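Contents: one structure, followed by commentary.
The values are calculated or read from the model by the stated rules, or taken from the named source; none is laboratory data. Keep in mind that what you see is a predicted model, and the values were worked out from it rather than measured. Neighbour counts run over all protein chains shown; Cβ positions are idealised from the backbone, glycine included.
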Amino acid sequence: MEVLKYFKVKSVCYTSNMCREIMYKTELKLDEEKIIWPSGLRKKPDGIRKRRNVTVVTIVEKPFIFARPGNNCESTSEIYCPRKTLNKSSDEEYEQFCCYGYCIDLLHELSKNLSLGYTLHLVADGKYGSFEKEGEDKQKRWDGMIGELLNYQADLIIAPLTMNPERVQDIEFTKPFKYQGITILVRKDKNTSSLSSFLQPFKGVLWIMILFSVHIIAIVLYLLDRWSPLGRFHFVPRKDQLDENSLTLEKNEKNDTLSLSRSVWFTWGILLNSGIGEGTPKSFSARVLGMVWAGFAMIMVASYTANLAAFLVLDRPEASISGVNDARLRNPQDGFAYATVKGSAVDMYFKRQVELSTMYRIMESRNYLTAEEAISDLKTGIINAFIWDSGRLEYEAAQDCDLVTAGELFGRSSYGIGLRKKDAWIDSLSHAILSFHEKGFMELLDNKWIYANNEIQCADRSSSPATLGFDNMIGVFLLVVGGAVLGFFTLVIEIILKRQKGRVEREKALTRTAIIYWRQRAERGRQLSSVKSESEKHEQQQQQQNLQPNHNDGFSFDRMDYYTSPNLC
């Protein structure tokens, strides 16, 4: 290849005796067709970007970055990520970890598409980055991952780092790799009155009025049937005619009349839709009231069934709060605590928003250093709500069925890769991320790490039909068990009363037998005494007759024989 270089110099002089040289440079021409490239090729090869090694910093945050101790990392899914030890008492300068997760898969794909070499490490202080004063330093400085980036300890930040105005002033972000927002994680409401769940369709006052009405109607039915002239009689066919239409009135027997106990049984049977075998009202006035009571029972049962179905349908919300505008967050009562992570993007968001200043002041003294500590305290009940990024909280709700996100997303933002200002890799990384969105790669990462592949599959109550479980109806079962126990208790009372009644009847029978025995003995004694008195009377009469003169001996002899004969018997 020949390159012709021709320079022409011309001197120009001005009146000021100053001269200026003007150089004319010839145009260079390159004939690419005559160039023979390596390996004897005539065609110009495609350009290849030179591989560049960068240092990447990240932070442990589920499900984006998981870290396990050790250095035996799997080459396909894990990356070795040491963390510098800040504890000076430790002999080891670095702690060894293997990292995997959402951002690790993204880093793998970026490295493959951009021929990017990298070394990964975890941030030493475990912080995202906040612009605060530290110690005796009077000047505000960035700490965490942003501090390492600005101090040239790292070239990239690949982590769930929120793009907010405070960070954009000092670092630069690529195009977002995930769009998200802020949400609230709470524990699901558990039914504290499961024993009385079947009573929820009606209020307590209504249940009391129903129970009161049952017994009042029973008493009124009894009185109507007792006072009515037709309540003491019933129609029967006449005995002298076979025609059934020929009826006559007969007085009801005692066993056929409507007693108070039968009246109560009748009203309960109508209300509970059970069969009424006997004990129905006999009079027309009582039967009219019975029909009205049956209509009342039908309306009450239908209303109970409809309200029970409505309670099942409206029992969808499982969160104890409705969202960021809930009154318990804006004006918290005693015992209701919530928090976020100190110095995080969420904390900065509440600090910026004037309408959320009250919530910021309440959370400021309760904020945690890490999200792990806050979620652990939420599960144990130390706090009632945790406000954080939606990606992490949706992952926690999918892993634990006792947790649920409350309300809609607010403070919508996005995650991006952080670099220093005017970094040469910004455009390349942004184009690669946009291509990942177009190909659906980012959606695959969402399904893999956030929404799917969970060992615990929680029931989706928003799409499944509302059904009653054992916890809802345990009160009904206990009611049946209580009825059975009450029945046995009543049986014991009946047995005791029966034995007492039998004992009394036996005592009465013995008394009656004794009275009859002694009455018979007294009667027998009276009879004996009367016989004895008569015999003595006869003897006296006989003696008197013997003392009188007897003119007729034959007659006297016969009379004497006649009176002595009874004594011989």
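Figures for the structure shown
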{"item": "Sole exception among (1) surrounded by fewer than 10 Cβ atoms within 10 Å (Cβ to Cβ); (2) modelled with pLDDT under 85 for E438, by number", "result": "(2)"}
{"item": "Total residues in segment 477-515, condition of a type in the set (S, T, N, Q) and under 30 Å from F198 (Cβ atoms)", "result": "1"}
{"item": "Flag if C98 is in the same structural domain as A159 (by TED's automatic domain parsing), surrounded by 15 or more Cβ atoms within 10 Å (Cβ to Cβ), of a type outside the set (S, T, Y) and touching a Lys or Arg at 6+ places or on another chain (Cβ under 6 Å)", "result": "yes"}
{"item": "Count of residues meeting criterion [buried (at least 16 other Cβ atoms within 10 Å of the Cβ) and assigned to a loop (DSSP other than H, G, I, E, B)] in segment 101-124", "result": "3"}
{"item": "Residue ID - surrounded by the most Cβ atoms within 10 Å (Cβ to Cβ), chosen from residues in segment 398-430 that are small (G, A, S) and under 18 Å from W388 (Cα atoms)", "result": "G416"}
{"item": "For I65: the one exception among (1) surrounded by fewer than 10 Cβ atoms within 10 Å (Cβ to Cβ); (2) modelled with pLDDT of 60 or more", "result": "(1)"}
{"item": "Criterion: buried (at least 21 other Cβ atoms within 10 Å of the Cβ) and over 38 Å from the mean Cα position of the chain (by Cα) - qualifying residue of I146, I158, I182", "result": "I146"}
{"item": "Residue ranges of helices (runs of 4 or more DSSP H) in segment 256-339 with at least 3 members at pLDDT 75 or above, of a type outside the set (F, W, Y) and over 30 Å from F212 (Cβ atoms)", "result": "327-330"}
{"item": "Number of the condition not met by L86 [criteria: (1) of a type outside the set (V, I, T); (2) assigned to a strand (DSSP E or B); (3) within 15 Å of M145 (Cβ to Cβ)]", "result": "(2)"}
{"item": "Scope segment 381-391; condition closer than 24 Å to G343 by Cβ and either under 22 Å from the mean Cα position of the chain (by Cα) or modelled with pLDDT of 90 or more (or both); matching residues", "result": "I382, I383, N384, A385, F386, I387, S390"}
{"item": "Qualifying residue in segment 67-79 (condition: under 26 Å from V168 (Cβ atoms) and within 43 Å of the chain's Cα centre (by Cα))", "result": "no"}
